Amino acid sequence: MHETDMSPHTTSIVPMVAARRRRGASGWTHAPQVIYELLTGHHVDLRERVFALLSEPLFVTNPYDSFHALRENTLARLKRFSEAHFFSTIDYVRDPLKFAAAVECLAFLDYNLSIKAGVHFTLCGGTVAKLGTRKHHEEFIPRLDSCDLPGCFGMTELGHGSNVSGIETSAEYDPSTESFVINTPNDAASKFWIGGAAQHGKLCTVFAQLTTQGTAQGVHVFAVRIRDDDGRVVPGVRIEDCGHKMVLNGVDNGRIWFQNLKVPRDALLDKMAQVDRDGTYSSPIANKSTRFGVMIGGLIVGRLLIAQGAVDASKVALAIAIRYSRSRPQFGDRIVMDYVTHQRRLLVPLSNVYALGFALLDVKRMHARGDAGESRLVHERSCGLKALATWSRVETMQYCRECCGGQGYLTANQICVFKTDMDVDVTFEGDNTVLMQQTARPLITAAAKNAGSMLSPPATGHGGGCPIRRAQALMDFRTDALARQAHVEIARAGGDEAAMNQNLDIVIDVGHASMEAFALRCFTDAAASVVDAAPREPLMTALRLYAASRLERATKFYLEYGAMRASEAAQVRKDVNSLCGELVSSRQLELLVEGFGLPECAIRAPIAKDWRALGRS
Ligand SMILES: Cc1cc2nc3c(=O)[nH]c(=O)nc-3n(C[C@H](O)[C@H](O)[C@H](O)COP(=O)(O)OP(=O)(O)OC[C@H]3O[C@@H](n4cnc5c(N)ncnc54)[C@H](O)[C@@H]3O)c2cc1C
């Protein structure tokens with residue numbers, strides 16, 4: 001018998017909390033709550049309050065909105081969200097987990113709003129909070145909190161996207177007027193893609209090359225008014241609309257030129273670098289490239305949010321596709337979920353969502369601890385997980401779309417909206433191919449130090465019969481072996497940047513392999529922390545599925561390196577199929593989907609409820 005009783009009511013986290021309070025901390029009803037809290041990790045109550053607000057009619061998007069209506073409605077939603085004061089922009093530095101929890105909720109519903117809020121609170125507000133000092137906080141934070149001063153993040157230029165250190169916008173200090181003069185030296189240096197610039201933005205954190213007393217000091221950030229309180233573009237600033245985009249038109253991206261724009265000395269966000277009245281420059285960070293890393297460090301939280309958004313929206317798409325697939329009959333008395341192809345396309349991504357969710361939680365907690373000794377690792381992992389999570393989302397949503405057949409193509413069924421709106425997440429907050437290199441390079445450098453020592457694959461018995469330990473050993477081996485291979489190939493080709501470029505394919509593989517191995521470790525730790533059998537059982541099955549599916553994807557590598565015999569490779573394939581079967585034929589799948597804790601307002605797709613009723617209303 002098939003279980004098709006995943007009624008929409010069971011997915012609301014509110015009834016689940018109530019159920020737990022009624023029944024105590026054991027038994028089946030308790031399991032989704034335990035899974036949800038484990039996966040979410042923090043600020044569960046805050047999230048419930050945000051979801052309650054997002055249930056208001058204002059937050060129901062209208063696919064027939066015109067270009068301009070969508071922009072205005074997205075702004076109205078951002079204002080309503082801001083008015084609720086779930087957090088303050090200063091929490092970006094004071095309480096990063098609280099900040100993240102509130103902003104994360106938006107990606108479950110509306111990517112336009114999520115990105116508009118991300119630009120305003122995370123990129124602009126976070127930069128002011130992190131790089132600004134008391135005077136900036138007093139002047140801007142209250143107005144950012146209320147969204148009275150919509151913010152923009154002015155980093156990218158037409159000629160400089162991934163290469164931020166090459167930007168050309170200049171900010172020259174003039175001691176006679178105690179001001180900086182900001183200029184766009186040529187069209188390629190115009191700020192491009194700036195979210196909020198086209199219509200609504202009033203404050204922009206502008207990234208520019210600072211020069212004082214004739215010395216170039218590198219990229220610094222300035223808090224610049226681009227529009228006055230009445231919304232008029234200020235003199236010295238020229239703005240053009242980037243125009244209609246493929247999707248995501250609720251965000252008004254614009255292009256900005258500066259012409260001799262004078263801003264006061266205080267416009268410099270001066271926590272990490274100061275310019276005295278007479279133009280004397282000082283910074284607690286002597287090394288220019290380290291200083292540059294700090295200036296763009298605000299992107300870490302942005303990347304983690306983009307990665308989390310990819311994971312959270314994937315939860316919604318998977319929940320819709322899985323529910324539909326468990327109720328959709330096809331060819332006689334089968335349902336489409338009976339097909340092993342369906343199970344693989346939906347359940348392997350489901351296990352991946354769990355793995356990535358636990359990995360992101362680990363990095364978010366590490367970031368929130370603020371330990372300077374861990375900051376490099378936070379940077380490397382936030383880059384790698386952003387790339388892995390968004391690339392995974394692309395694949396997951398395509399599968400979800402296909403698994404729903406034609407219904408997946410209907411806007412009302414949501415999947416295609418997420419799939420298209422989110423297409424850009426592989427590019428912004430750092431292009432994935434560029435970010436993965438940030439993750440891989442230190443691993444390759446470390447591998448170079450051990451290049452002389454022998455690397456042998458884990459013996460077949462390694463793991464003592466535990467498939468997870470065996471998978472972890474294999475995945476760690478793969479990261480290490482690829483890093484060594486990359487080092488050897490790059491050294492053979494001359495050891496310079498050109499040699500690196502010739503071998504970028506392996507470099508990206510190193511980053512990918514390391515992040516998958518890291519995610520497996522985080523998933524294992526999370527599942528091991530669960531004592532109760534009811535939530536533990538589905539988590540363990542999903543964990544085994546994640547491990548087996550990652551090994552299966554890299555079978556060619558393991559066979560080539562002698563780390564796996566052909567018989568083990570064949571077994572891995574069978575394991576993936578049987579673990580999928582175990583999930584669908586028990587309540588485990590239902591528990592894992594409920595464990596996402598999706599709020600009612602996130603699932604509006606008719607196919608997730610009663611697809612037979614389609615067209616009846
Ligand atoms: C919708 C949208 C909103 C945005 N919002 C903002 C915003 O609010 N503020 C802001 O400052 N920016 C914003 N951006 C800019 C965004 O951050 C950049 O698009 C991104 O950094 C990539 O830069 P690029 O588009 O110039 O691509 P490029 O850097 O030109 O990359 C093009 C291609 O070349 C490849 N490539 C580049 N360098 C390398 C390398 N070293 N190795 C291998 N391959 C490489 C990339 O993988 C990519 O495929 C936004 C962009 C979009 C599309």
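The values are calculated or read from the model by the stated rules, or taken from the named source; none is laboratory data. For clarity, every value in this text was computed on a predicted model and none was experimentally measured. All Cβ positions, even for glycine, are placed from backbone atoms using ideal geometry, and neighbour counts span all protein chains on display. What goes into the accessible areas is simple: the full protein's heavy atoms, side chains included, and nothing from ligands, DNA or RNA. Shrake-Rupley method; radii C 1.70, N 1.55, O 1.52, S 1.80 Å.
State whether the residues of the stretch 437-450 include one that is open to solvent by less than 10 Å² (accessible area, probe 1.4 Å) and among the hydroxyl-bearing types (S, T, Y). Scanning the stretch 437-450 turns up at least one residue that is open to solvent by less than 10 Å² (accessible area, probe 1.4 Å) and among the hydroxyl-bearing types (S, T, Y). Of all positions in the stretch 469-477, at least one carries a residue that is open to solvent by 60 Å² or more (accessible area, probe 1.4 Å) and in contact with a helix residue (DSSP H, G or I) (Cβ under 9 Å, 6 or more places away or on another chain). The residue that is surrounded by the fewest Cβ atoms within 10 Å (Cβ to Cβ), counting only those in the stretch 190-204 that are more than 8 Å from the ligand (Cβ to nearest atom) and closer than 18 Å to L113 by Cβ, is Q199. Taking S382, is it over 22 Å from V103 (Cβ atoms) and surrounded by 24 or more Cβ atoms within 10 Å (Cβ to Cβ)? No: the conditions fail for S382.
Pick out the one residue from G118, G154, G126, G161 that is under 18 Å from F86 (Cα atoms) and within 12 Å of the ligand (Cβ to nearest atom). Just one listed residue meets the conditions, G118.
Beta carbons closer than 6 Å, at least 6 apart along the sequence or on distinct chains, pair a first residue in the stretch 182-200 that is free of Cβ contacts under 8 Å to residues at least 40 places away in the same chain with a second that is of a type outside the set (V, I, T) and within 14 Å of the ligand (Cβ to nearest atom) for P185/E168; A188/L158; A188/G159; A189/E157; A189/E168.
Being touching a Lys or Arg at 6+ places or on another chain (Cβ under 7 Å) and of a type in the set (D, E) is the requirement here; does D270 meet it? Spelling it out, it is not the case that D270 is touching a Lys or Arg at 6+ places or on another chain (Cβ under 7 Å) and of a type in the set (D, E). Restricting the stretch 156-184 to residues that are more than 35 Å from the chain's Cα centre (by Cα) and farther than 14 Å from V206 by Cα leaves a set whose member that is surrounded by the most Cβ atoms within 10 Å (Cβ to Cβ) is Y173.
Annotation: G430 fulfils all but one of (1) within 15 Å of the ligand (Cβ to nearest atom); (2) open to solvent by less than 60 Å² (accessible area, probe 1.4 Å); (3) assigned to a helix (DSSP H, G or I); the unmet one is (3).
One residue stands out among those in the stretch 164-185 that are within 16 Å of the ligand (Cβ to nearest atom) and touching an Asp or Glu at 6+ places or on another chain (Cβ under 7 Å): the one that is nearest to G298 (Cα to Cα), which is I167. Could you say whether any residue in the stretch 225-233 is more than 16 Å from the ligand (Cβ to nearest atom), modelled with pLDDT of 95 or more, more than 19 Å from Y173 (Cβ to Cβ) and in contact with a strand residue (DSSP E or B) (Cβ under 6 Å, 6 or more places away or on another chain)? There is at least one residue in the stretch 225-233 that is more than 16 Å from the ligand (Cβ to nearest atom), modelled with pLDDT of 95 or more, more than 19 Å from Y173 (Cβ to Cβ) and in contact with a strand residue (DSSP E or B) (Cβ under 6 Å, 6 or more places away or on another chain). Counting only strands (runs of 3 or more DSSP E) wholly contained in the stretch 236-341, the ones carrying 2 or more residues that are of a type in the set (D, E, K, R), assigned by TED's automatic domain parsing to the domain that holds K202 and open to solvent by 40 Å² or more (accessible area, probe 1.4 Å) occupy 237-241. When the stretch 412-427 is filtered for residues that are open to solvent by 10 Å² or more (accessible area, probe 1.4 Å), part of a helix (DSSP H, G or I) and within 15 Å of the ligand (Cβ to nearest atom), the ones remaining, listed by number, are T420, D421, D423, V424, V426. Quick one: is T89 among the polar types (S, T, N, Q), away from the ligand (no atom under 16 Å from the Cβ) and touching a residue at least 40 places away in the same chain (Cβ under 8 Å)? Answer is yes for this residue. Got at least one residue in the stretch 491-509 being of a type in the set (G, A, S), open to solvent by less than 20 Å² (accessible area, probe 1.4 Å) and part of a helix (DSSP H, G or I)? Among the residues of the stretch 491-509, at least one is of a type in the set (G, A, S), open to solvent by less than 20 Å² (accessible area, probe 1.4 Å) and part of a helix (DSSP H, G or I), which makes the answer yes.
Of everything in the stretch 364-389 that is of a type in the set (D, E) and in a helix (DSSP H, G or I), the residue that is farthest from G511 (Cα to Cα) is E374. If only residues of the stretch 130-144 that are under 26 Å from E48 (Cα atoms) and open to solvent by less than 20 Å² (accessible area, probe 1.4 Å) are counted, the one that is nearest to the ligand (Cβ to nearest atom) is L144.
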